[in-house]
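J.: First the structure, then my questions, so here it is.
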Amino acid sequence: MVTDKINNNENESCPECGGNLIHNSFEKICTKCGLVIDIFFKESSFVSTENNKNNERTLSKQYIALGERIDFIGGLGSYIDYENSMFLKDKAGRLLRPNEQKLFRRLKKNYDQLLRLKNHETEYRIFNILNKISSYLNLNKNIRDNAAYYYRKIIKNEVKVVNNISLIGFCIFYAARKEYHNAPITIKEISEAFQNYGHRVNPRLILRDGIEYKHHIKDENFPHKSEDYLMRLINQVINHKDLEERLKKKYVLWSKREFQNKLTIQSREILKKLPMKQRGGRNPFILTGGIIYLADKLLAKKFFQKPVLAQWIISEATNIAEYSIRDHYVNVLKPIFRQSIR
């Protein structure tokens, strides 16, 4: 991160509080209130040719190496011209002479993909799989990049890896646990994504790699709580195909959006009254399904109407077994909230 103080001769100050302005990366920010005043772009320092005033066409052209992405295996620089281009041009955009065309085509052919991937075939295959799984699970770029970083760190310190595909599965799971922008995903969902692409990866293999290689990462991690899964599971329940029909059948006058808001508020109130000791080390993902079921019952009592959600609806929407929802509701939630349900 680059932070530079603006020249005082410009007499620039924050329009809100009058504080000094600084350049923080590519933004102009007030040092007192933190207001972003403007966005600006700095000139790149990677210029391979000097400015030529006699040729205006070359003044704005810069030629730099693309480098390596963390989740991609490639060469040290870019292609000669575009990857699939047949007719090569010079820096001014003019076609090369026939002899030069022949020379640079030969150089471009020698620097093909196979040579750039030499001795990195496994990593290239694993990162291709990583990109497919990330798209399938709709993971953000941070999770994908962190998973690639963890994978490279482990193979750098490990002499022999038993299964590279299950290892990248563990890295995806570990990176997702560290990312709180999106709802966390489960090991079962990751293994199902791999199986969808024909890879024999199951939760047991991912857990095995976690136990075997986690010490190479040396990073603290904290277990998830039901609060982390709440919004995701409520969205899945609200989007169930039969929910709108259930609202009409139970004579509930709320729209799906209103029901979602009330269900979310009620579920959060339950979680506030449910201490960690009372949760008894239960699976937070499954416990969240039971909490949503309980929240619907409490809403029905509060507004003198019939409950909308059944256990089978929550089970189909969230992929949680129906008996698991019933077990958590009866053995964990009902004894604590017995007075509220009656």
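Throughout, read-outs are computed from the coordinates displayed, never taken from laboratory work. Since we're looking at a predicted model, the values are computed, not measured. Here Cβ is always computed from backbone atoms with ideal geometry, including for glycine, and neighbour counts include all displayed protein chains.
J.: For Gln339 and Asn196 in the same chain, what is the full-extension length gain: residue separation times 0.36 nm, less their Cα-Cα distance, in nm?
T.: Contour length minus the Cα-Cα distance gives 46.9 nm.
J.: Using r as the Cβ-Cβ distance of Cys17 and Glu179, and R0 as 25 Å, what FRET efficiency do you calculate, to the nearest 0.05?
T.: Numbers: r = 34 Å, r/R0 = 1.35.
E(calc), rounded to 0.05, equals 0.15.
J.: Any of Lys188/Lys273; Lys277/Lys301; Lys89/Lys109; Lys28/Lys178; Lys132/Lys153; Lys160/Lys214 with alpha carbons more than 18 Å apart? Name them for me.
T.: Working: Lys188/Lys273 29 Å; Lys277/Lys301 27 Å; Lys89/Lys109 16 Å; Lys28/Lys178 30 Å; Lys132/Lys153 21 Å; Lys160/Lys214 15 Å.
As for pairs spanning more than 18 Å Cα to Cα, those are Lys188/Lys273; Lys277/Lys301; Lys28/Lys178; Lys132/Lys153.
J.: In whole angstrom, how long is each semi-axis of the equivalent ellipsoid of segment 172-280, when you take the square root of 5 times every eigenvalue of its Cα gyration tensor and sort them from largest down?
T.: Working: eigenvalues 230, 81, 23 Å².
Value: 34, 20, 11 Å, ordered largest first.
J.: Any idea what Rg and Dmax come out to for segment 148-190 if you just take the C-alpha atoms, in Å?
T.: So, for segment 148-190, Rg and Dmax equal 11.3, 34 Å respectively.
J.: Could you pull out the trypsin sites (Lys or Arg not before Pro) across segment 232-286 that fall in loop regions by DSSP (anything but H, G, I, E, B) with no more than 10 other Cβ atoms inside 10 Å? Don't jump to the answer; show the numbers that get you there.
T.: Working: sites: Arg232, Lys241, Arg246, Lys248, Lys249, Lys250, Lys256, Arg257, Lys262, Arg268, Lys272, Lys273, Lys277, Arg279, Arg282; in loops: Lys241, Lys250, Arg282.
Passing both the DSSP loop test and the Cβ count: Lys241.
J.: Would you mind ranking Trp254, Trp312 so that the residue whose beta carbon has the fewest other beta carbons within 10 Å leads the list?
T.: Numbers: Trp254 16, Trp312 11.
Going from sparsest to densest Cβ surroundings: Trp312, Trp254.
J.: Still on this structure, I have one more. Please work out the ratio of the alpha-carbon Rg of segment 140-216 to 2.2 N^0.38 Å and round it to two decimals. Don't jump to the answer; show the numbers that get you there.
T.: Details: Rg = 11.7 Å, N = 77, 2.2 N^0.38 = 11.5 Å.
So segment 140-216 has a normalised radius of gyration of 1.02.
J.: Continuing with the same structure: Compute the distance in nm between two label points, each set 7 Å from the Cα along the Cα-to-Cβ direction, one at Lys277 and one at Asn261.
T.: 3.7 nm
J.: Sticking with the crude label model, points 7 Å out along Cα→Cβ, report the distance from Arg94 to Ala310 in nm, one decimal please.
T.: 7.9 nm
J.: While we're looking at this one, here's another question. Sort 195-201, 147-153, 131-137 by packing, meaning the average of other beta carbons within 10 Å per residue, with the highest value first. Intermediate values should be presented prior to the final figure.
T.: Values: 195-201: 13.4, 147-153: 21.1, 131-137: 16.4.
With the highest mean Cβ count within 10 Å placed first, the list reads 147-153, 131-137, 195-201.
J.: Next question, about the same structure. So for the pair His216, Lys102, with labels modelled 7 Å out along Cα→Cβ, what separation do we get in nm?
T.: 4.9 nm
J.: Working out 0.36 nm times the residue gap between Phe303 and Lys249, then minus their Cα-Cα distance, what length gain in nm do you get to one decimal? Could you put the intermediate results ahead of the total?
T.: Numbers: separation 54, 0.36 × 54 = 19.44 nm, distance 1.62 nm.
Between Phe303 and Lys249, full extension yields an extra 17.8 nm.
J.: State the Cα centre-to-centre distance between segment 258-290 and segment 306-342 in whole Å.
T.: Taking the Cα centre of each part, segment 258-290 and segment 306-342 sit 11 Å apart.
J.: Still on this structure: Hey, could you get me the Stokes-Einstein D for segment 226-341, Kirkwood radius over alpha-carbon pairs, 25 °C and 0.890 mPa s, rounded to whole µm² s⁻¹?
T.: Details: Rh = 14.0 Å.
Estimated via Stokes-Einstein, D reaches 175 µm²/s.
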